[in-house]
Amino acid sequence: MAQIPSIFSSSFLLLLLVLASPSINVAQHPTFNLSPSDLQALLQIKTDLTDLPGSDFLSTWDISSSDPCASFAGVFCAPDPDPTSPALLRVSSLTLGTGLADSPGLGGSLSPAIANLTGLAQLVVHPGHISGPIPSQIGNLHRLIFLSMTNNLISGPIPDSLSALPSLHTLDLGHNRIFGPIPPDITQMPSLKVLILASNRISGRVPPIQSQLLHLDLRSNALSGTLPPLPSSLRYLSASDNGMWGPLDSVGSLPDLGFLDLGMNEFSGGLPEGLFVGRVGMVLLLERNNLSGGIPAGGGGVGMLGSTVDLSHNLLSGELPAVLAGAESLYLNNNRFTGAVPVEYVRSVYLGGTKTLYLQHNYLSGFPLPFGSPLPASGALCISYNCMVPPVGATSCPSSAGDQMSRPAGQCSSFNGTNSNG
């Protein structure tokens with residue numbers, strides 16, 4: 001597999017800045033005390049949460065502690081920026097749960113008292129069984145930069161109030177039970193760069209996007225409608241496994257796009273030529289749609305070298321262009337491609353550049369196998385059920401390809417005749 005672009009690197013750097021720059025060593029500043037309002041908010045938050053069996057995260061939140069900033073797990077503090085409170089500490093980062101693979105996490109619900117921690121720059125809720133709605137009062141945390149609540153049982157709509165967070169860089173609500181539409185003001189936020197709403201029950205259309213997003217993940221929801229115009233800043237876009245339709249015109253002109261996953265929808269029309277020009281190492285997943293026409297030639301150059309491309313289970317046709325030769329993993333099966341497989345594809349397989357080449361269930365008529373060249377042990381090549389007899393030893397197919405090596409001759413002649421007359 002090609003390496004997926006490290007889209008989150010900016011978010012992790014931001015996280016380090018949030019933790020490193022504002023926090024202090026309270027032991028070196030014994031005159032600093034946690035704000036009474038923050039302490040009260042933490043205790044209210046604890047009341048609404050519970051450790052799941054096997055977790056002891058909340059056991060450190062002891063009301064008798066003389067220094068909650070040092071002893072409460074997941075709590076980081078910084079001096080109050082208000083000059084009228086020079087000796088007070090405020091909670092600048094709150095992480096609920098450990099996030100460790102062997103930790104079951106927390107249960108309960110999120111208290112509206114979180115909104116009383118008005119110094120928060122980061123709020124993270126690690127995977128667990130926290131349920132109930134997102135408190136709308138979180139929209140009052142105007143210093144919030146990073147908000148992540150993933151892999152829980154959080155339900156209800158996305159609060160409109162979140163769009164009032166002027167400095168929010170990352171909003172990650174993925175893998176919950178959130179329903180309803182995407183509030184239109186969320187995609188207008190001036191500082192938002194990362195928006196992750198994957199694996200929820202969100203419905204309706206994707207609203208117009210004015211935020212200069214780098215990363216947008218909407219996969220596995222119940223979204224419908226067409227793609228809106230997209231910001232040129234996008235590097236990662238996933239909206240697979242929805243019910244969206246229409247053309248893909250808006251994705252062809254994104255210069256920095258390195259990951260595109262729109263599979264398992266109802267998109268139709270042709271493939272934008274811009275997706276096949278200079279996309280070295282790209283991940284392009286458009287399988288199981290209603291896309292038609294040919295694959296753009298791509299204008300030469302480096303093409304899709306080292307990329308992962310899945311165009312399977314569509315209505316694509318015509319001859320295969322050389323632009324996809326050199327892709328690391330290439331899935332073109334279950335389409336209507338014709339003609340001989342280009343020698344550039346074959347060469348890339350036998351030189352080890354292409355690790356996976358699936359061409360089964362098309363109408364291809366030739367595969368120029370290098371004489372006496374065995375398939376590399378690391379390669380996976382499937383060319384069964386086409387209009388040819390696959391060369392001996394040149395097919396390594398998944399079980400879904402079936403047992404038939406070639407199409408019936410009648411299918412090939414009737415299909416080619418239809419195409420030539422059309």
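Some values worked out for this structure:
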{"quantity": "Test set (1) more than 24 Å from G366 (Cβ to Cβ); (2) over 24 Å from the mean Cα position of the chain (by Cα) - V346 fails condition number", "calculated": "(1)"}
{"quantity": "Residue pairs meeting the criteria (Cβ under 6 Å; at least 6 apart or on separate chains; first closer than 17 Å to S240 by Cβ and open to solvent by 20 Å² or more (accessible area, probe 1.4 Å), in the stretch 209-222; second part of a strand (DSSP E or B) and of a type in the set (S, T, Y))", "calculated": "R219/S238; A222/S203"}
{"quantity": "Selection count, the stretch 227-241, where residues are open to solvent by 20 Å² or more (accessible area, probe 1.4 Å) and either free of Cβ contacts under 8 Å to residues at least 12 places away in the same chain or not small (G, A, S) (or both)", "calculated": "6"}
{"quantity": "Within the stretch 265-345, strands (runs of 3 or more DSSP E) holding 1 or more residues that are open to solvent by 10 Å² or more (accessible area, probe 1.4 Å) and of a type in the set (A, V, I, L, M, F, W, C)", "calculated": "283-285, 315-318, 336-340"}
{"quantity": "Selection status of L58, surrounded by fewer than 22 Cβ atoms within 10 Å (Cβ to Cβ), modelled with pLDDT of 95 or more and over 30 Å from the mean Cα position of the chain (by Cα)", "calculated": "yes"}
{"quantity": "Condition check for I158: among the hydrophobic types (A, V, I, L, M, F, W, C), part of a strand (DSSP E or B) and modelled with pLDDT of 95 or more", "calculated": "no"}
{"quantity": "Count of residues meeting criterion [open to solvent by less than 40 Å² (accessible area, probe 1.4 Å), at pLDDT 85 or above and in a loop (DSSP other than H, G, I, E, B)] in the stretch 350-389", "calculated": "12"}
{"quantity": "Residues being surrounded by fewer than 20 Cβ atoms within 10 Å (Cβ to Cβ) and farther than 25 Å from N152 by Cβ - total across the stretch 81-99", "calculated": "8"}
{"quantity": "Residues of the stretch 188-208 satisfying the condition of being charged (D, E, K, R) and without any contact (Cβ under 8 Å) to a residue 40 or more places away in the chain", "calculated": "R201, R205"}
{"quantity": "In the stretch 122-138, the residues that are surrounded by 21 or more Cβ atoms within 10 Å (Cβ to Cβ) and either under 10 Å from M149 (Cβ atoms) or not polar (S, T, N, Q) (or both)", "calculated": "L123, V125, H126, G128, I130, I134, I138"}
{"quantity": "Residue satisfying condition, being at pLDDT 95 or above and surrounded by 22 or more Cβ atoms within 10 Å (Cβ to Cβ), within set T170, T187", "calculated": "T170"}
{"quantity": "Qualifying residues in the stretch 101-118 (those that are open to solvent by 10 Å² or more (accessible area, probe 1.4 Å) and touching a strand residue (DSSP E or B) at 6+ places or on another chain (Cβ under 6 Å)) - the one nearest to P190 (Cα to Cα)", "calculated": "S109"}
{"quantity": "Selected residue [touching a Gly at 6+ places or on another chain (Cβ under 9 Å) and among the acidic types (D, E)] from D67, D62, D56, D102", "calculated": "D102"}
{"quantity": "Residues that are more than 19 Å from H215 (Cβ to Cβ) and touching a strand residue (DSSP E or B) at 6+ places or on another chain (Cβ under 6 Å), drawn from the stretch 155-187", "calculated": "S155, P157, R177, F179, P181"}
{"quantity": "Members of the stretch 116-144 found to be over 25 Å from the mean Cα position of the chain (by Cα) and either part of a helix (DSSP H, G or I) or under 17 Å from A73 (Cα atoms) (or both), listed by number", "calculated": "N116, L117, L120, S136, Q137, N140"}
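The values are calculated or read from the model by the stated rules, or taken from the named source; none is laboratory data. The model shown is predicted, which means the values in this text are computed figures rather than measured ones. Glycine also receives a Cβ, built like all others from the backbone with ideal geometry; neighbour counts cover every protein chain displayed. Please note that ligands, DNA and RNA were not included when accessible areas were found on the heavy atoms of the full protein model with its side chains. Shrake-Rupley method; radii C 1.70, N 1.55, O 1.52, S 1.80 Å.
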